[in-house]
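Trainee: Shown below is the structure under consideration.
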Amino acid sequence: MLVKTKAIVISSLKFQEKSIIVKCFTLSDGLKSYFVRDAFSSRKSNQKIAYFQPFTILEIEAVHKNKGTLENFKEIKLAITFQTIHNTITKSTIVLFLSEMMHYSINEDEENEALFTYLQTALLWLDAHDDMANFHLIFLLEVTKYLGFYPDNTDIDLPFFEMTEGVFTPFNAISSLSENETQLFKKLLSLKFDSDMKTFHLIERQLLLKILIDYYSFHLEGFKKPKSLDVLKEVFS
């Protein structure tokens with residue numbers, strides 16, 4: 001089937017000498033993997049390797065066989081040209097880390113327009129703003145809405161957050177955050193991208209990031225800690 005759709009690059013893996021396998025989250029079909037032969041060849045002017053940087057947003061025409069095998073692009077062009085994301089070290093590091101998080105988090109092979117729209121909106125915000133210290137934290141928390149495990153804040157006044165059920169409780173269970181950690185997590189729940197980025201100190205951000213990665217680990221089978229985590233910590237230290 002020939003499909004025309006937007007696609008967000010999640011990851012790319014070099015295959016042999018000149019080819020790559022590109023994983024994309026598409027607007028039309030959810031997660032798809034594509035084989036790009038001779039991606040590093042200058043002859044492939046319509047499939048530039050720069051198109052496959054993490055979180056690049058593409059407009060693609062592709063053949064989808066939908067048999068669980070690698071698909072193939074016919075045409076590729078940029079849907080959105082970012083101005084700052086891929087040439088600012090802090091932003092490119094954030095994007096590398098978040099795309100790796102999504103690589104281990106998104107497993108949907110069907111349309112999820114709401115998640116696609118959120119990812120695109122968040123990336124456009126990041127591209128347009130320089131004050132972004134909490135961006136990755138807010139992003140990871142908000143994405144859980146679309147992955148099905150956003151914290152239930154019905155009883156948010158209770159003192160402990162229990163990670164496996166994603167609820168606030170009156171009791172400090174083995175899988176609960178401490179009272180201080182819970183207060184920090186509650187503060188994060190109240191933030192949006194336009195909130196004051198000075199809300200947290202460095203140590204608090206590092207703790208919240210650990211909490212979020214642990215929270216993803218509790219709720220996603222096969223989830224792995226991103227290799228780019230250490231790079232992100234270095235950039236924000």
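Laboratory data are not the source of any read-out in this text; all were calculated from the coordinates shown. Predicted, not measured: the structure shown is a model, and the values here were computed from it. Positions of Cβ are backbone-derived with ideal geometry, glycine not excepted, and every protein chain shown enters the neighbour counts.
Trainee: Which shape class applies to segment 103-164: rounded if a/c is under 1.5, otherwise prolate when a/b exceeds b/c and oblate if not, where a ≥ b ≥ c are the square roots of the Cα gyration tensor eigenvalues?
Mentor: Verdict is oblate for segment 103-164.
Trainee: If I take R0 = 22 Å and measure r between the Cβ atoms of Glu59 and Phe223 in this structure, what FRET efficiency does the formula 1/(1 + (r/R0)^6) give, to the nearest 0.05?
Mentor: After rounding, the FRET efficiency stands at 0.15.
Trainee: Placing unit charges on C-beta atoms (Lys and Arg positive, Asp and Glu negative, everything else neutral), compute the dipole magnitude of segment 124-180 about its Cα centre in debye, rounded to 20.
Mentor: Taking the Cα centre of segment 124-180 as origin, the dipole is about 140 debye.
Trainee: Still on this structure, I have one more. Set the Förster distance to 22 Å, then compute FRET efficiency between Thr81 and Leu13 from the Cβ-Cβ distance, nearest 0.05.
Mentor: The computed FRET efficiency comes out at 0.35.
Trainee: If you average the alpha carbon positions of segment 211-237 and of segment 116-183, how far apart do those two centres end up, in angstrom?
Mentor: Centre-to-centre distance over Cα atoms comes out at 14 Å.
Trainee: Could you name the lysines in cross-link range of Lys187, using Cα to Cα under 29 Å and dropping any fewer than eight places away on the same chain?
Mentor: Excluding near neighbours in sequence, the set is Lys91, Lys145, Lys198, Lys210, Lys224, Lys225, Lys227, Lys233.
Trainee: Is the C-alpha gyration tensor of segment 20-158 telling us rounded, prolate or oblate? Criteria: a/c under 1.5 is rounded; beyond that, a/b larger than b/c is prolate, otherwise oblate.
Mentor: Oblate is the answer for segment 20-158, as a/c is 1.5 or above yet b/c matches or exceeds a/b.
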